[in-house]
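To start, the structure itself, in structure tokens.
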Amino acid sequence: MLAVLSGGILCSAGCTCAEPRTDIPSYSAPRASRAPVIDGRLDDPAWQDAPWTEPFVQTMTGAPGQPRTRARLTWDAEFLYAAFEVEDDYLRADLSGQDPHLWTQDTVELMIDPDGDGLNYFELQLAPSGETFDTRYDSRRVPQPFGHLRWESGIEGAIALRGTLNDDAADEGYTAELRIPWSAFDAGQTPAGPPSAGDTWRLALYVLDARPEGQGGVGWSPPMVGDFHVPERFGRLVFTAR
Ligand SMILES: [Ca+2]
Ligand SMILES: [Ca+2]
Ligand SMILES: [Ca+2]
């Protein structure tokens, strides 16, 4: 079935008809007046004050992509907080242990370069199972293969599932809510302290998606190449007072 939607673009029902989004996005994160409770539910007042990002897009092209995802960010004196809402009808996450390779199944992911110089950046993942992965790099993908895995971010996360992991019944998705202490970013060659209002950091947000037909993913700021480690394509995270 075809439909002409506003803008006059002919497309099949269900598609968003959006143009590819290839610009590097910017997000203004308001400071939280009260810290969100990390329970996977986004009913905290702090989240009401934090706008949604643009929908995530295909990482190679910037075209609309699946799973439909958007995120929110907020912060306070102690933590950076992030929330992801993911529409995923096929939930797979059964890895565990120390820094399991969560990117091979379903997971949300952040890459953070505090000073935006492309060096000394951090990678964190939270799977819908609640498992986490974190590492840091001196420069792009260095050291190989997975950076300084012994680095511990202190990430805490919680998930609200809409479905059941790892079974054959159709799912609806999940919400991921997490926090990272600013002390995590003390590590490496250019240690970063907590931001002040008005500061800008560089940030990439991704969702990795296990599908019956194979692995996919979407991002907030599309790297436009087949590699997520492209610090110059990270989005801009602006910390605001409110
Ligand atoms: Ca919450
Ligand atoms: Ca850096
Ligand atoms: Ca999936």
When every residue in region 82-112 that is crowded, with 23+ Cβ neighbours inside 10 Å and in contact with a Lys or Arg (Cβ under 6 Å, 6 or more places away or on another chain) is compared, the one farthest from residue 131 (Cα to Cα) is 83
Just one of (1) surrounded by 14 or more Cβ atoms within 10 Å (Cβ to Cβ); (2) assigned to a loop (DSSP other than H, G, I, E, B) trips up residue 23, so point out which.
(1)
Within region 40-61, the residues that are under 17 Å from the mean Cα position of the chain (by Cα), within 11 Å of ligand 1 (Cβ to nearest atom) and of a type in the set (D, E, K, R) are 41
Extreme residue, surrounded by the fewest Cβ atoms within 10 Å (Cβ to Cβ), among residues of region 68-79 that are within 15 Å of ligand 1 (Cβ to nearest atom) and not aromatic (Phe, Trp, Tyr):
76
What are the residues in region 170-196 that are closer than 24 Å to residue 208 by Cβ, more than 16 Å from ligand 1 (Cβ to nearest atom) and buried (at least 19 other Cβ atoms within 10 Å of the Cβ), if any?
171, 173, 184, 185
Checked pairs for region 79-103, first free of Cβ contacts under 8 Å to residues at least 24 places away in the same chain, second within 16 Å of ligand 2 (Cβ to nearest atom), C-beta under 9 Å and 6 or more apart or across chains, list as none
Name the one entry in 106, 94 that is of a type in the set (D, E, K, R), within 15 Å of residue 211 (Cα to Cα) and under 14 Å from the mean Cα position of the chain (by Cα).
106
What number of residues in region 36-52 are in contact with a strand residue (DSSP E or B) (Cβ under 7 Å, 6 or more places away or on another chain) and over 21 Å from residue 202 (Cβ atoms)?
9
Tally up the residues in region 119-170 that are out of contact with any strand residue (DSSP E or B) (no Cβ under 8 Å at 6 or more places or on another chain) and within 16 Å of ligand 2 (Cβ to nearest atom), please.
5
Restrict the check to region 136-158 and report whether at least one residue is within 18 Å of residue 217 (Cα to Cα), away from ligand 3 (no atom under 16 Å from the Cβ), touching a Lys or Arg at 6+ places or on another chain (Cβ under 8 Å) and not polar (S, T, N, Q).
no
Determine, yes or no, whether residue 211 is basic (Lys, Arg), surrounded by fewer than 21 Cβ atoms within 10 Å (Cβ to Cβ) and within 16 Å of ligand 2 (Cβ to nearest atom).
no
Filter result (closer than 12 Å to residue 73 by Cα and not in a loop (DSSP other than H, G, I, E, B)) within region 31-50:
31, 46, 47, 48, 49
Check on residue 117, under 23 Å from residue 41 (Cβ atoms), away from ligand 1 (no atom under 16 Å from the Cβ) and surrounded by 13 or more Cβ atoms within 10 Å (Cβ to Cβ):
no
Of the listed residues (88, 117), the one being more than 17 Å from the chain's Cα centre (by Cα), modelled with pLDDT of 95 or more and not β-branched (Val, Ile, Thr) is 117
Taking region 119-163 and keeping only residues that are in contact (Cβ under 8 Å) with a residue 12 or more places away in the chain, in a strand (DSSP E or B) and within 20 Å of residue 191 (Cα to Cα), one is left with 121, 122, 123, 124, 134, 135, 136, 137, 139
Enumerate the strands (runs of 3 or more DSSP E) found wholly within region 59-118, keeping only those where 3 or more residues are within 16 Å of ligand 2 (Cβ to nearest atom) and among the hydrophobic types (A, V, I, L, M, F, W, C).
107-113
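The values are calculated or read from the model by the stated rules, or taken from the named source; none is laboratory data. Remember, it's a predicted structure, so these values are computed and weren't measured experimentally. Because the Cβ atoms are built from the backbone with ideal geometry, glycine has one as well, and the counts that use them run over all protein chains shown.
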